[in-house]
Structure formats: C-alpha cells, structure tokens
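Here is the structure we will look at.
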Amino acid sequence: MPFKPVEHPKCPKCGKSVYAAEERVAGGLKWHKTCFKCGLCNKALDSTNCAEHERELYCKVCHGRKFGPKGYGFGGGAGCLSMDQGEHLQAKNEGEFSRGSNAILEPRAIAKAPEGEGCPRCGGYVYAAEQMLARGRQWHRECFKCANCAKRLDSVNCCEGPDKDIYCKVCYGKRFGPKGYGYGQGGGALQSDCYANGDAAPRTTVIDTAIIKAPPGKGCPRCGGVVFAAEQVLAKGREWHRKCYKCRDCTKTLDSIIACDGPDRDVYCKTCYGKKWGPHGYGFACGSGFLQTDGLTEEEISASRPYYNPDTTSIKAPAGQGCPRCGGMVFAAEQQLAKGTMWHKKCFNCAECHRPLDSMLACDGPDKEIHCRACYGKLFGPKGFGFGHKPTLVSTNGDHAPSYIDAKPQVGQKRNDGHGCSRCGYPVYAAEQMISKNRVWHKRCFSCGECNRSLDSTNLNDGPDGDIYCRGCYNRNFGPKGVGFGMGAGTLTMA
C-alpha cells in the first residue's frame, strides 16, 4: 500500500500547508504566523484585535472602515461623519488584488420641514443628534456656519444678524458694526468698509490749543490757552491740556505717577527732576557709589569730591588717648581694639615684621606694642630645645647645639637588682617605659638587638638570649633552617 502523507490545513492567505508550530487560528481557519496580519494596513494581529471577513483578516479599525456603519456618529468621535473606506491603505502594486468595498453610498436625502420649523438655511428637518441652537432656532451642524465667509461657528463666535442669518464676529462687525475712526481692527484704525462706494473718509483736524487764549493765570501753564473739561489734566490745583502735560526737558508724556512739580512751577519726569533739582554728589545718581554731575561745573565737582588722607597724625589726640603707634586721633570708622587701647586700622600691624593683624593674630607684648604670634614667640617666648620653630633649637645668645646627642640615657647609677633597662641597665621611669615579657626597657632602647630597628607590640620578638628582635632577625637567628624556611616557599636558607 503506497504511503499517503498526513493532510495539513491550508493557509487562506498563501495557500500553503500550516504546521502546528506556526499556526494561528481565527474564524475557524488556520493561518501562518507571518500571514496573520491585516489585509488592508499590514498590521500584525493577535487574538485581541483580529476580525475575519470572507476568509480575509483585518484589524478592528480597518474592519470598521470597510464593513462598519457609515454616517454621523460613526467616525473618530460622536457627531463626526466618517466615509473612510481605507482606499489610501490599499496596495497599488500591479497585479495585486484590491479589496475595496463594493458598497454604493447613495446621496443623503434631506426631508423638507414645514415652513418656519426646519433649518433656517436649507429648510430640512433637524434631528436631535445633529442640531445646533442659535437664538431659539435649530440648525444642521453642516449649515451652522458664517453666511459671509462660510467659517464653522460655535456658541462662542456666533452672532445673529438683523437679517435673521448668522455670522462670525469679524463679518458681523464689518457688515453691521459701527463705522469710522476707532471702529476698525483696533482702536485707532479706520473702518473703511462703509466707504467702498468711493466716498472719502472724514478727516480729523488737530486744533492748536493756544488759539483760544485764557485770562492771565487761568489757562494752561504751558501754552496759556483755555482748558476745556474733555482735555483737562489736574496737577497741584492747576489745569493743563492733555497734549501739554509732558516733561519740560525730555517732552515725555506724564501721568500722576511720574510727574514732579519743579520749583519753577513747571512739570518734569522723575529722571529730569532728579538731574535738575535733586541732590548732587556721590551716591545720588543711578545707584549708590555713582557721582551725579548733571548741572554742575568742574570747579563745583572738584570741591565736593571726597579724598583720602593717609596721614593719621594730622589730627593729634590728647596724651594717652590717641593711637599708641602714631598718637593721632582714632575715629570710630577706623578703630581697632587691643587690650582696651584703640589703634588706627592702618597702624594695627606687627611692630617687628609689619604684618597686618586681626583679633586672632595680635599678641600684646610687655613693651606696650603688638606683635604677630611668631615674632612674639621669638622676642618674649621661652628659649631652648623644643621652643621655637619646632623641632629646631632656638638660641638668642649665639650658642650652637651639639652636633651629636647620645641616644642612650646616661643619668643616675645602674641598677644591679634586675629592675633597670634590659639593654643599658639604667633606671626606667613610667613616662618612658616599654614592656616585653615582664622586662622593662627605655623607649629609645626598645629596638632590635641586631639591626637596631625600632620595635612595637606588632613586630616584637623576644629571643632566647634575653634580647629583643624584629621578625626578620629573629627568624634568621633562631628560626628553622632548610628548604621552605627562607624568603619564600621552596627557598633554602642556611643563614
């Protein structure tokens, strides 16, 4: 009997056999994993977003485009009209089958409503899902736009005109709004739509306010003309024309905030007032530390310019009350205190090296002078080994220190009772005592008996001869010998 292979289901997309390792199931059919994608947008699918229609797979979005309901409320959101069938996603390659919908969209027929009850623009019935309200009347959503520019309207920018139609705010203003200067796109613009027939716009003339003279002392202080109520500005009980109320020097327009009345009965801005009538000198300009010189001559500037006199002895103080260094008067702005005496800041330095001092460095000497710490120690501090620039021996009489100092103590008599230092035999006091296996040593004698290396509790080794050694010398003298007992494993030492 001939061999007959097992029948495998065929993929509806490519027509080839589908094996268990690569199958995907949808709509009772089995598909290859690579064929399991949307037939319109080629998006990879899974069990959550797959929709099958006549042996073809679609994602839910494309399935709704091709086979879902159309019209108002079935688009991107409620109230939107969707007529998308996915034509822009279909393949354009030659020979590729196009899966476009064969459904024919018939033109929408609008039922006419009785007179005065339907949409004011088209006259058809308006249903609740598509109605827009304006002044108690119902409009279709697509009819609810400006009658002039066809702009889409809403409840914010809709204006109902006197002709019972609706307009946007711009078109309403152009068509039915006021005309003339100040009623255009901005206050001060001329609305000229009403002059489109060739009529010239009215011209405004600027009248000189000084033409109509007022009695002396009663008119505008600047031009002397009569001030009427529509143009008056009040300042310190006087009436000014609005156009005359500006700074005398820079002609800047003024208001009640920046206006300053000068002593010449004129008005100035704050800057010009300060330059002309304000204080002059250092600290009275744009900021503290600047010199304000507007309106001053060079001689006046030089006379008022501050200067610094470095001579502290120019003003002598009574005996015992001035600076101890120079004897001059010490004022509060320059005083420094030291042990109840007041010094000039310039004089408050070391008498020996002239280093500037402060409260941390100053030392009062017995000579009634002040010194830095180093000079005070040299002049008045203790002398001898350890008192100076340590560990230097300081001597002021010219003697020199010995070139060699014996490291072993030579003080007192040696002890023969076994209680002295194990190295030198001299007495050991508590301040210099080092202990090893019930024996005491001087601190400077506590070193290796062979290499004289200083020892401590971490590298101390007591030898059988009663002396102490470092680890290296101990192993060399008393440690085991032979292979493996040298500088490293495997080394032979016979030292």
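The values are calculated or read from the model by the stated rules, or taken from the named source; none is laboratory data. Since the model is a prediction, treat every value here as computed from it, not as a measurement. Methodologically, a virtual Cβ is constructed for each residue, glycine included, from the backbone with ideal geometry; neighbour enumeration extends over all protein chains shown.
Here's the yes/no breakdown for (1) without any contact (Cβ under 8 Å) to a residue 12 or more places away in the chain; (2) under 58 Å from the mean Cα position of the chain (by Cα):
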position	(1), (2)
20	yes, no
27	no, no
30	no, no
38	no, yes
59	no, yes
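When you check residue 145 against the structure, is it surrounded by 15 or more Cβ atoms within 10 Å (Cβ to Cβ), under 30 Å from residue 51 (Cα atoms), of a type in the set (Lys, Arg) and modelled with pLDDT of 65 or more, yes or no? Answer is no for this residue. Of all residues in region 148-183 being assigned to a strand (DSSP E or B) and over 24 Å from residue 131 (Cβ atoms), which is modelled with the highest pLDDT? Per the criteria, the residue is 180. The set of residues in region 110-121 being surrounded by 15 or more Cβ atoms within 10 Å (Cβ to Cβ) and at pLDDT 85 or above consists of 118, 119, 120, 121.
Residues of region 1-56 that are in contact with a Ser or Thr (Cβ under 7 Å, 6 or more places away or on another chain) and assigned to a loop (DSSP other than H, G, I, E, B): 8 alone. Only one entry in 249, 264, 208, 294 is assigned to a loop (DSSP other than H, G, I, E, B) and either within 30 Å of residue 334 (Cβ to Cβ) or at pLDDT below 75 (or both), namely 294. Give the residue that is nearest to residue 65 (Cα to Cα), with candidates limited to residues of region 1-32 that are of a type in the set (Lys, Arg) and surrounded by 13 or more Cβ atoms within 10 Å (Cβ to Cβ). Only one residue tops the list, namely 13. Select from region 233-271 the residues that are more than 24 Å from residue 213 (Cβ to Cβ), among the hydrophobic types (A, V, I, L, M, F, W, C) and without any contact (Cβ under 8 Å) to a residue 24 or more places away in the chain and list them in ascending order. If the condition is that a residue be more than 24 Å from residue 213 (Cβ to Cβ), among the hydrophobic types (A, V, I, L, M, F, W, C) and without any contact (Cβ under 8 Å) to a residue 24 or more places away in the chain, then 250, 257, 258, 260, 269 are the ones that fit.
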